[in-house]
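I have placed the structure first, in the form of structure tokens, so that the comments after it can refer back to it.
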Amino acid sequence: MKDEISLAVELANSLKKKDKLHAYVLTGAGTSRASNIPTFRGEDGLWEKYNFEEVATLNAWLKNPVKIWTFYVEGIQLILDSEPNPAHIAIAELEAKNFCQYVITQNADGLHQKAGSKNVLEIHGNLTRVRCTKCNKKQVFTEPPKDIPPKCGCGSMYRPDVVLFNEQLPSDLITKSFTIAKKVDLAIIVGTSAEVVPAATLPFISKESGVKVLVFNKEKTDHIRIADVFIQGKCEETLPAFVERLSKN
Ligand SMILES: [Zn+2]
């Protein structure tokens with residue numbers, strides 16, 4: 001009997017056109033787990049120590065900037081110190097070899113870019129980037145800000161460029177993600193639960209559009225119902241094995 005990775009490689013190879021694979025990768029928290037990224041939400045998330053609504057809303061940032069920025073800077077340092085793991089590197093390799101053109105990620109840690117991915121759609125934003133609460137100017141941190149709260153040249157406070165509690169996801173990126181999900185030949189779903197919408201919807205949209213779906217995940221999720229191949233395991237182990245075998249053919 002063939003193992004799942006062989007089946008996934010076989011399927012991906014059958015979809016290649018002139019050595020090119022038209023695909024997107026969708027990633028979630030599981031992709032960054034091996035990089036020890038602190039999660040801001042969920043069990044043992046950084047925000048669990050705090051009252052979520054006290055720190056994760058724009059109102060809270062505006063009301064209590066020093067307190068919240070001080071807390072936030074701790075998390076930023078951990079993220080800036082973290083390194084991409086083999087799953088991020090394998091995904092960057094897919095793009096470099098033209099086996100995938102888009103990375104749609106729910107992670108806000110910037111590790112895909114650190115690993116070398118170029119076309120990354122960060123639908124939940126980026127924790128190391130800030131934007132002005134007034135003029136919307138953006139800036140990327142390479143080290144945590146020294147002045148708390150950090151301010152834009154226009155004199156207004158910066159806020160993290162992430163989707164906070166009760167905020168809408170950026171509609172331009174969501175629209176683009178849905179278009180991508182329909183038009184490719186292969187969807188590669190990596191380390192994401194099928195719980196957070198709208199990202200969780202993308203694999204279903206792909207399937208309905210006749211796109212083949214590969215699911216790499218440690219746990220069984222709702223996405224395995226529509227997976228053409230489900231590769232169960234740690235994505236930092238299964239994905240590099242998949243990419244290596246895909247490259248050989
Ligand atoms: Zn400004």
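Below are the figures for this structure:
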quantity	calculated
Acute angle (nearest 10 degrees) that the helix 4-15 long axis makes with the longest principal axis of the chain, alpha-carbon atoms	80
Whole-Hz ³J(HN,Hα) from phi, Karplus 6.51 cos²θ - 1.76 cosθ + 1.60, for region 211-216, glycine and proline x	7, 6, 10, 10, 10, 10
Crossing angle, helix 86-96 versus the chain [Cα axis fit, 0-90 degrees, rounded to tens]	70
Of 182/248; 17/212; 114/151, pairs whose Cα-Cα distance is over 23 Å	182/248; 114/151
Length-normalised contact order for the chain - Cα pairs under 8 Å, 6+ apart - percent	24
Solvent-free Debye scattering, log10 I(q)/I(0), computed from the Cα coordinates of region 116-249 at q = 0.15 Å⁻¹	-0.86
Exposure proxy ranking, count of Cβ atoms within 10 Å, fewest first, for 190, 25	190, 25
Normalised contact order of region 84-148, rounded percent, pairs of Cα under 8 Å and 6 or more residues apart	26
DSSP beta bridges in the chain [antiparallel fraction, %, rounded to 5]	30
Distance histogram in 5 Å bins (all Cα pairs of region 68-151, percent per bin)	3, 14, 22, 22, 16, 12, 7, 4, 1
HN-Hα J in Hz across region 194-210 - Karplus 6.51, -1.76, 1.60, θ = phi - 60°, x for Gly and Pro	9, 9, 9, 8, x, 4, 4, 6, 3, x, 5, 4, 4, 4, 4, 8, x
Per-residue [θ]222 nm for the chain (sum of -39500 (n - 2.57) over DSSP H runs n ≥ 4, rounded to 500)	-10500 deg cm²/dmol
Descending semi-axes in whole angstrom, ellipsoid equivalent of region 59-105, from the Cα gyration tensor	35, 14, 5
Surface/4 of the Cα convex hull for the chain, nm²	13.5
Nearest 10 degrees, 0 to 90: helix 171-183 Cα axis against the chain principal axis	0
Using alpha carbons only: equivalent-ellipsoid semi-axes of region 91-194, gyration tensor based, whole Å	29, 16, 11
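Every read-out reported here was derived from the displayed coordinates using simple, explicitly stated rules and does not represent laboratory data. Bear in mind that the values here come from a model prediction, so they are computed numbers and not experimental data. Backbone-built Cβ (ideal geometry, glycine too); neighbour counts: all protein chains shown.
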